[in-house]
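**Q** A single structure is presented below for examination.
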Amino acid sequence: MPNRKAAERINLYVTAYQFALGQIPAQQRREKPDISLRIHASIRRQLKSGETDAYRIAFTALKDVLVPDTH
């Protein structure tokens, strides 16, 4: 049933996004206005790769956004 699967993905996205964004202090969000867009992009990438745990997705998104790239 395609509608049910789409609804589950939307719910997974919303849960992960709200949890991730809620972990970032308001001051830090003001200092980095693109942070919400970067969280969104990370969550989308993870959903496309098949991740299904909202909290794991949120944690990875936070890592992607907050941990400096050391390459």
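**Q** Could you count how many residues in segment 3-16 are modelled with pLDDT under 95 and buried (at least 17 other Cβ atoms within 10 Å of the Cβ)?
**A** 0
**Q** So in segment 17-71, with the set limited to residues that are in a loop (DSSP other than H, G, I, E, B) and charged (D, E, K, R), which one is surrounded by the fewest Cβ atoms within 10 Å (Cβ to Cβ)?
**A** Asp69
**Q** Let me ask something else. Looking only at segment 53-68, filter to residues that are more than 10 Å from the chain's Cα centre (by Cα) and modelled with pLDDT under 95; which one of those is nearest to Tyr13 (Cα to Cα)?
**A** Going through the qualifying residues, I end up with Leu66.
**Q** Criterion first (assigned to a helix (DSSP H, G or I), more than 11 Å from the chain's Cα centre (by Cα) and in contact (Cβ under 8 Å) with a residue 12 or more places away in the chain) does Arg9 satisfy it?
**A** Taking the combined requirement at face value, the residue satisfies it.
The values are calculated or read from the model by the stated rules, or taken from the named source; none is laboratory data. Just so it is clear, the model here is predicted, and its values are computed rather than measured. A quick note on method: Cβ atoms are made from the backbone with ideal geometry, for glycine too, and the neighbour counts reach across all protein chains shown.
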